[in-house]
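The structure appears right after this line, and notes come after that.
The values are calculated or read from the model by the stated rules, or taken from the named source; none is laboratory data. Given the structure is predicted, the values throughout are model-derived calculations rather than measurements. Here the Cβ positions follow ideal geometry from the backbone for every residue, glycine too, while neighbour counts run over all protein chains shown. The accessibility values were calculated without ligands, DNA or RNA, using every heavy atom of the protein model including side chains. Shrake-Rupley method; radii C 1.70, N 1.55, O 1.52, S 1.80 Å.
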Amino acid sequence: MLCRLSLCGRTSLKLVPALGCSSSSRQKHTLPDLPYDFGALQPHISAEIMQLHHSKHHATYVNNLNIAEEKYSEALAKGDVTAQIALQPALKFNGGGHVNHSIFWTNLSPNGGGEPQSILYL
């Protein structure tokens, strides 16, 4: 049963099983591919920082979200409401971090959208 929308890949959304749906149909969240090379934003953002932020920081949100969802599924199966409530902050924090970073990568652009079309006042 497909129960909710989830950010998938760069900018697309797809239906994935929601919490409480059959665990056999549950799909794990994955780290989206970066839509450009790690060094594409240099000299403004170094390749090393981009790789660290994507491969470690964002990956941690994804991994922790999958762990929290697995524990939540187990709590649902056991009818353990206390555990379900206790896991909600981890689901929100890691789910939010994953979605926000997935959007963040698409908002960055190696070209920054090109040269400004008018004068910039600072």
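Points worth noting:
- Inspection of the stretch 29-49 identifies no residue that is touching a helix residue (DSSP H, G or I) at 6+ places or on another chain (Cβ under 7 Å), of a type in the set (Val, Ile, Thr), open to solvent by less than 30 Å² (accessible area, probe 1.4 Å) and more than 17 Å from LEU108 (Cα to Cα).
- Evaluation of GLY96 against the conditions (1) small (Gly, Ala, Ser); (2) more than 20 Å from SER55 (Cα to Cα); (3) out of contact with any helix residue (DSSP H, G or I) (no Cβ under 7 Å at 6 or more places or on another chain) shows that the sole unmet condition is (2).
- Residue within the stretch 100-120 that is at pLDDT below 90, exposed (fewer than 12 other Cβ atoms within 10 Å of the Cβ), among the β-branched types (Val, Ile, Thr) and over 30 Å from LEU52 (Cα atoms) present: yes
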